[in-house]
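First comes the structure, then the notes that go with it.
The values are calculated or read from the model by the stated rules, or taken from the named source; none is laboratory data. Remember, predicted model here, so these are calculated numbers, not experimental data. In this analysis, Cβ positions are derived from the backbone assuming ideal geometry, glycine residues included, and neighbour counts consider all displayed protein chains.
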């Protein structure tokens, strides 16, 4: 007699119950919602009441409202049109101190969401709609800026030696710094000290005849370290900016050596997202060179040593600033758009970190009554195409003095910056809070996927699964009769377990993921086909029905395991080395393989043993 051990039955029953519970939230679907926060932070009770009051004034009655896991207010409305009306009303009434994000909220019962923590599957960009950006970090800009920094640092380092090392000329040729010396002794001392201090540079003597000089360029190791740092810094900054945008379930990940993928599901305004993500705006606080004639420098083109020439934004008046930076955007830890109480104009309230605050305090303490300027710097990369369709990149740099003010008192950590328009103050505050990009980035690929297209993908994917399932079910029922019906029940359980696993892991379902499910539907009955054919062979060879059942499952196991393990290894390789869509395919394929083996080997055997394991039959309906 064939009987299934109690522990296996208990395991099967537990998996079925848990699978059904965690798959259940997907039946209820999602409802349009808005997630409201105060600059990304949780709302207070009074702020929540204000948000709900604005909706009431706009004649919008939420279906449900409450705090989500992050403590932000989630307001669920009836449909997308009401969602857009509510978003417009909140943005007009609350201003830019609040972040209003469009999202989707699960409609599953509270006992599922709160009691079990069961959530529906997360839908990818191709199913939900949104925007997709592929960005490339400008590595050449990083290396050039680093070389320019070394061109300033190396001579200063030699001048600070005791006694100072005198050089006769310095040049920057590409990414190479060249220093020339009057005599061999100075050359030798400079070479020794530079090698000791700058071990990240490759320092060599000039080979040109009649020249006593050194060349310095970054080593390959230092170059790769700088590239790695720049890409990681940009990755962190972009994640911060996405958080400031208030997008639900964003994807920000690295691709290759110098590219970053950004996917923003549900975003309906790609222009705003694009302008925030690729902006490199930052501020520099510098002293004004009051003793120099800026007008003369602009006319003659001769810039006094230790200064740089810029122009004021509104008046186009030339102004000379000292090259030394008092504080920069990278030292800003917080920024918020506000209104200057004295002038009534837009301003950005700035908070510096410890290092920046100390430098600002020291400068203002020594320079009360002197002028300090705020320099606005922005780098943009524009891509155009020539007649042959080749992409040409143009880097456009904007350097404007937005404010020149007299230092009227000593300050350090907190102060205001004026001279901006309302929109510039808002955008600049957001960018400064998120951090400055370590290098300019160019959007090399951009796609916008509408929610209607996403719904079409869902419908077509669902139709493909149903058609594939129906064909398999009909074939199995006709060819294997009762055993085929048992295999069909296992196939239905297999789909439930796949959905439950995706929901439990909160893995993002994409269109390739649906393809993986369709493929799994076909593969799921393979194991049953092998088992049933083996049972047939055993019956034809004269074995009893009980021996045929036992031999069919035992002898087919090795073949089933071999076929599924090799496919599982291929799925793991796709997940490790693949990118977004391929990973989605690999995830659903892997889950489908594991669940199909479980349902085919343990599930169908338990049902077959329950139906035929205790009976003496002359034949089996297979």
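Odds and ends about this structure:
- Hits in segment 246-275 - residues which are at pLDDT below 65 and out of contact with any helix residue (DSSP H, G or I) (no Cβ under 9 Å at 6 or more places or on another chain): 246, 248, 269, 270, 271
- Filtered residues of segment 298-313 (kept if farther than 30 Å from residue 240 by Cα and in contact (Cβ under 8 Å) with a residue 24 or more places away in the chain): 310, 311, 312
- Some residue of segment 553-564 being in the same structural domain as residue 471 (by TED's automatic domain parsing), within 43 Å of the chain's Cα centre (by Cα), under 30 Å from residue 261 (Cβ atoms) and at pLDDT 80 or above: no
- If you filter segment 194-225 down to residues that are modelled with pLDDT under 85 and touching a helix residue (DSSP H, G or I) at 6+ places or on another chain (Cβ under 6 Å), you find that the one that is nearest to residue 167 (Cα to Cα) is 212.
- Residue among 178, 119, 191, 185 that alone is loosely packed, with under 13 Cβ neighbours inside 10 Å and modelled with pLDDT of 80 or more: 185
Table: residues versus (1) in contact (Cβ under 8 Å) with a residue 12 or more places away in the chain; (2) outside any helix (DSSP H, G or I); (3) surrounded by fewer than 19 Cβ atoms within 10 Å (Cβ to Cβ); (4) assigned by TED's automatic domain parsing to the domain that holds residue 346.
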position: 10; (1), (2), (3), (4): no, no, yes, no
position: 18; (1), (2), (3), (4): yes, no, yes, no
position: 46; (1), (2), (3), (4): no, no, yes, no
position: 55; (1), (2), (3), (4): yes, no, no, no
position: 66; (1), (2), (3), (4): no, yes, yes, no
position: 78; (1), (2), (3), (4): yes, yes, yes, no
position: 90; (1), (2), (3), (4): yes, no, no, no
position: 104; (1), (2), (3), (4): yes, yes, no, no
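- Residue in segment 407-417 that is modelled with pLDDT under 75, crowded, with 18+ Cβ neighbours inside 10 Å and either under 30 Å from the mean Cα position of the chain (by Cα) or assigned by TED's automatic domain parsing to the domain that holds residue 354 (or both) present: yes
- Residues located in segment 109-143, provided they are in contact with a strand residue (DSSP E or B) (Cβ under 8 Å, 6 or more places away or on another chain) and in a helix (DSSP H, G or I): 113, 125, 126, 127, 128, 141, 143
- Out of 524, 500, one residue alone is modelled with pLDDT of 85 or more and within 25 Å of residue 471 (Cα to Cα). It is 500.
- Residue in segment 276-298 that is farthest from residue 250 (Cα to Cα), counting only those that are in a helix (DSSP H, G or I) and at pLDDT 75 or above: 296
- Taking segment 418-462 as the range and being part of a strand (DSSP E or B), at pLDDT below 75 and within 30 Å of residue 144 (Cβ to Cβ) as the test, only 446 passes.
- Those residues of segment 345-373 which are without any contact (Cβ under 8 Å) to a residue 60 or more places away in the chain and either buried (at least 16 other Cβ atoms within 10 Å of the Cβ) or outside the structural domain of residue 411 (by TED's automatic domain parsing) (or both), in sequence order: 356, 357, 359, 364
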